[in-house]
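The values are calculated or read from the model by the stated rules, or taken from the named source; none is laboratory data. None of these values were measured; they are calculated from a predicted model. Glycine gets a Cβ as well: all are built from the backbone with ideal geometry, and neighbour counts include every protein chain shown. The accessibility values were calculated without ligands, DNA or RNA, using every heavy atom of the protein model including side chains. Shrake-Rupley method; radii C 1.70, N 1.55, O 1.52, S 1.80 Å.
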Amino acid sequence: MDKFLINGPCKVKGKVSVSGSKNASLPILAATLLFDKPVIIKNLPIVKDIKTMLNLLKSLGSKIVLSKDKKTVKIINKKKMKTFASYSLVKTMRGSILVLGPLISKFYKSKTSLPGGCLIGARPVNYHLSALKKLGMDYKIKDGYILAKTKGRLKGSMIKFPKISVGATENSIIAACLAKGKTVLKNCAIEPEIKDLTNFLNSAGAKIKWSGRTCKILGTDTLNQTEYTVMADRIEAGTFCVAATLTKGNLEIRDFNPDMIRTELELLKKVGARIKIDSNKIKITGPKKIKPIKNIKTKEWPGVATDMQSQLMVLMCRADGKSSITENIFENRFLHVGELQRLGANIQIKKNKAFIDGNTKFVGAELMSSDLRASVALVLAAMISNGKSSINRIYHLDRGYENLEIKLKKIGVKIKRLKK
Ligand code: UD1
């Protein structure tokens, strides 16, 4: 297993470009199963999760033609596709559950593995299943698989999600595109990645309209050929912003829409970062003294992204005073805390709230990655530690950050990948 060696402390300086969004690419790729005609998707990030999704589509029968730089893919489906999403592919990435909606909508049946648990929480798929059931899917769970079928085309319906869920909203929207009649989804997640998915589907002739958290979909018989460029990764952009603020650095972060991280930028302004916003880039300079923030709370968009929680926690470890962070989305998303404590952090957890004493001086240590976002927090922490740190199990990082060490090296971080 590869690991990162980081020699701290470092200060980031220079220019960095943001890659395509993993979380927008995954539902868009899953939705290509709805198409009879070729689809071209551009600006894919070159990360493990995208490879997994492309392998899953290939296993279902799609022809995948990647460009030389692997950022553009042309997908051509066969007339007859397989409908079996195996455990071996689904278990490595929960996002694989997003093939369920398109499979039953287009091919009227599917055997899709249940994704199983995950370190950051139970992460069930009950909202996906009950929404698809309302659209006409029959299912039973057997041997860890969802055995699903429909009597022909799905039928439009009114669905109110009991809780806001990104994945369940995406699965339902994709499925409803080819359903008969009108579907109204209420209490939807409205993260930018979901809007990217609906822009993609509308570019192919789908009839999707938004009004607040309500999404109306008028089913069509078929979707047209299309070419679509995936949005930039707002979490990667936010992570670089924290890197600049944390290390008293100075970065120009390019090729993304700053509006996608407006809430997080407000927080960074509060802690003292100086930020100049343009249409597709920002310049950010870290403050001499980082001000603490009393109650940061993760929330659905447009709130503070849960995927930014661990990075913000590292920042608060360096703040001049006490702060706290409440995690409202996932029940067990403080896995990075134990590792940060090994570097010297002073953090107490009470239920879903972390109390952080600032002004901590980190000393380099050997660290273990646990999940994607926790791992990037460890990279940030190692960047402000005195001495050498090694971060093990970085396959978690490789799932979602494109060329992280190459990008960080270019902006002044002493980082090396040790291949094993
Ligand atoms: C997506 C993102 C992930 C992000 C999360 C929240 C992708 C591939 N992943 O994950 O990076 O952290 O949104 O912004 O886009 N829940 C249920 N039953 C369900 C579905 C969800 O109880 O059927 C719960 C989850 O356990 C969690 C909460 O609802 O506590 C929100 O989860 P959800 O929004 O569905 O997250 P994901 O789509 O899995």
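Results, tabulated for the structure shown:
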| read-out | value |
| --- | --- |
| Every residue from the range 166-186 that is in contact with a Gly (Cβ under 9 Å, 6 or more places away or on another chain) and surrounded by fewer than 18 Cβ atoms within 10 Å (Cβ to Cβ) | Lys180, Gly181, Lys182, Val184 |
| Only one of Phe240, Phe200 that is open to solvent by less than 20 Å² (accessible area, probe 1.4 Å) and assigned by TED's automatic domain parsing to the domain that holds Ile28 | Phe200 |
| Scan of the range 50-95 for residues that are touching a helix residue (DSSP H, G or I) at 6+ places or on another chain (Cβ under 6 Å) and modelled with pLDDT under 95, ordered by number | Leu89, Val90, Thr92, Met93, Gly95 |
| Meets criteria (touching a Phe, Trp or Tyr at 6+ places or on another chain (Cβ under 9 Å) and away from the ligand (no atom under 15 Å from the Cβ)) for Leu372 | no |
| Members of the range 350-381 that are closer than 18 Å to Asp307 by Cα and not polar (S, T, N, Q) | Lys353, Ala354, Asp371, Leu372, Arg373, Ala374, Val376, Ala377, Leu378, Val379, Leu380, Ala381 |
| Complete set of residues in the range 176-198 that are part of a loop (DSSP other than H, G, I, E, B) and either within 16 Å of the ligand (Cβ to nearest atom) or modelled with pLDDT under 95 (or both) | Asn187, Cys188, Ala189, Ile190, Glu191 |
| Filter result for the condition that a residue is among the polar types (S, T, N, Q), open to solvent by 60 Å² or more (accessible area, probe 1.4 Å) and farther than 17 Å from Ala31 by Cα, over Ser88, Ser113 | Ser88 |
| Breaking point among (1) farther than 23 Å from Lys297 by Cα; (2) more than 16 Å from the ligand (Cβ to nearest atom); (3) in a loop (DSSP other than H, G, I, E, B); (4) among the hydroxyl-bearing types (Ser, Thr, Tyr), for Ser390 | (3) |
| Pairs with Cβ under 8 Å, 6+ apart, first in the range 316-334 and without any contact (Cβ under 8 Å) to a residue 60 or more places away in the chain and over 14 Å from Gln348 (Cα atoms), second assigned to a strand (DSSP E or B) and within 16 Å of the ligand (Cβ to nearest atom) | Asn328/Lys297; Asn328/Thr298; Ile329/Thr298 |
| Close pairs from the range 404-415: first closer than 8 Å to Val12 by Cβ, partner assigned to a strand (DSSP E or B) and not aliphatic (A, V, I, L, M), Cβ under 8 Å, at least 6 apart | Ile411/Lys13; Ile411/Gly14; Ile411/Lys15; Gly412/Lys13; Gly412/Gly14 |
| All positions within the range 327-351 that are open to solvent by 60 Å² or more (accessible area, probe 1.4 Å) and either over 23 Å from the mean Cα position of the chain (by Cα) or at pLDDT 95 or above (or both) | Asn328, Gln341, Arg342, Asn346, Gln348, Ile349, Lys350, Lys351 |
| Of residues in the range 134-165 being within 16 Å of the ligand (Cβ to nearest atom) and in a strand (DSSP E or B), the one surrounded by the fewest Cβ atoms within 10 Å (Cβ to Cβ) | Ile141 |
| Given (1) over 30 Å from His336 (Cα atoms); (2) open to solvent by 20 Å² or more (accessible area, probe 1.4 Å); (3) not in a loop (DSSP other than H, G, I, E, B), index of the condition Ala131 fails | (2) |
| Filter pass, Leu34 being within 16 Å of the ligand (Cβ to nearest atom) and either modelled with pLDDT of 95 or more or not assigned by TED's automatic domain parsing to the domain that holds Lys281 (or both) | no |
| Candidates Thr360, Thr298, Thr306 - the one that is more than 16 Å from the ligand (Cβ to nearest atom) and either hydroxyl-bearing (Ser, Thr, Tyr) or in contact with a Pro (Cβ under 9 Å, 6 or more places away or on another chain) (or both) | Thr360 |
| Whichever residue in the range 207-232 is in a loop (DSSP other than H, G, I, E, B) and open to solvent by less than 10 Å² (accessible area, probe 1.4 Å) and, among such residues, is nearest to Tyr401 (Cα to Cα) | Val230 |
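Residues checked against (1) in contact (Cβ under 8 Å) with a residue 60 or more places away in the chain; (2) not hydroxyl-bearing (Ser, Thr, Tyr):
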{"position": "Cys10", "(1), (2)": "yes, yes"}
{"position": "Lys13", "(1), (2)": "yes, yes"}
{"position": "Ile41", "(1), (2)": "yes, yes"}
{"position": "Leu44", "(1), (2)": "yes, yes"}
{"position": "Asn55", "(1), (2)": "no, yes"}
{"position": "Lys58", "(1), (2)": "no, yes"}
{"position": "Ser62", "(1), (2)": "no, no"}
{"position": "Lys71", "(1), (2)": "no, yes"}
{"position": "Ala85", "(1), (2)": "no, yes"}
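Residue-wise test of (1) assigned by TED's automatic domain parsing to the domain that holds Ile194; (2) surrounded by fewer than 19 Cβ atoms within 10 Å (Cβ to Cβ); (3) among the basic types (Lys, Arg).
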{"residue": "Ile261", "(1), (2), (3)": "no, no, no"}
{"residue": "Gly272", "(1), (2), (3)": "no, yes, no"}
{"residue": "Lys288", "(1), (2), (3)": "no, yes, yes"}
{"residue": "Gly303", "(1), (2), (3)": "no, yes, no"}
{"residue": "Asp320", "(1), (2), (3)": "no, yes, no"}
